[in-house]
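The values are calculated or read from the model by the stated rules, or taken from the named source; none is laboratory data. As the structure is a computational prediction, the values presented were derived from the model and not from experiment. Cβ placement follows ideal geometry from the backbone for every residue including glycine, while neighbour counts extend to all protein chains displayed.
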Amino acid sequence: MRIFLEYYALKGVLLLTKLLPIPLIYGFCKLLATLFFTLDKRRRTITLQNLALAYPHKTEDERYTLAKNIYKSVAISIAEMLLMMHQRLDIDAMVSNYEEALHELKLYFDDVNRGKLLLTAHFGNWELLAHFLAKHGYPMVVIGRKGNNHLIEEHITTPFRTRYGNTLAHKSKAMAAIVRVLNQKKSQEC
């Protein structure tokens, strides 16, 4: 039952992001992040403990402000991903040095003398990079955690991540997927 509730709740959110004005979507996500930060004491405490380890020289107030800003940053990324799902976000416009980026990508990917392995983390909008690269002819294997809800995974996450030709590999099978793709590429070049 929980699987269906989560799935249809997310479908409802996706419907809203299809219909609502874009500024309202950003505002709603920021509001949810603020509520989440305020009400979820356990995660807030973990965030503040991690920031204390990373920034021992900062005051408690500085770390608290930083933590709130981190939650808002994640909210912006979530809003952008929701908008990307409905193609209401121009991913090309999100790249500030668009022409230079395309030129550098062409140089990088056209160099057949070296393999390519791109590693990113959940920093900024991590989904945008994979979409941008694949949209411009550089599809890749996207490695991510398999979601706990198979309906969301099958009907929302996988179609979103594979939209421009990317292949999805779950992190439990990441190494095998990387080796398989590198071997396929090598055999194509022979």
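Summary of computed values
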read-out: Scan of the stretch 21-48 for residues that are more than 21 Å from the chain's Cα centre (by Cα) and surrounded by fewer than 14 Cβ atoms within 10 Å (Cβ to Cβ), ordered by number; value: Pro21, Leu35, Thr38, Leu39, Asp40, Lys41, Arg42, Thr45, Ile46
read-out: Residue that is of a type in the set (Ser, Thr, Tyr), under 30 Å from Pro139 (Cα atoms) and surrounded by 15 or more Cβ atoms within 10 Å (Cβ to Cβ), where the choices are Tyr64, Tyr98, Tyr7; value: Tyr7
read-out: Among the candidates Glu100, Glu62, Glu104, Glu6, residue that is charged (D, E, K, R), assigned to a helix (DSSP H, G or I) and touching a residue at least 60 places away in the same chain (Cβ under 8 Å); value: Glu6
read-out: Residues being out of contact with any strand residue (DSSP E or B) (no Cβ under 7 Å at 6 or more places or on another chain) and not in a helix (DSSP H, G or I) - total across the stretch 146-169; value: 6
read-out: Enumeration of residues in the stretch 124-137 that are part of a loop (DSSP other than H, G, I, E, B) and modelled with pLDDT under 90; value: Gly124, Asn125
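Yes or no, residue by residue, for (1) farther than 21 Å from Lys30 by Cβ; (2) surrounded by fewer than 17 Cβ atoms within 10 Å (Cβ to Cβ); (3) in contact with a Ser or Thr (Cβ under 9 Å, 6 or more places away or on another chain):
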{"position": "Glu60", "(1), (2), (3)": "yes, yes, no"}
{"position": "Ala79", "(1), (2), (3)": "no, no, yes"}
{"position": "Tyr108", "(1), (2), (3)": "yes, yes, no"}
{"position": "Glu127", "(1), (2), (3)": "no, no, yes"}
{"position": "Ala130", "(1), (2), (3)": "yes, no, yes"}
{"position": "Val142", "(1), (2), (3)": "yes, no, yes"}
{"position": "Gly147", "(1), (2), (3)": "yes, yes, yes"}
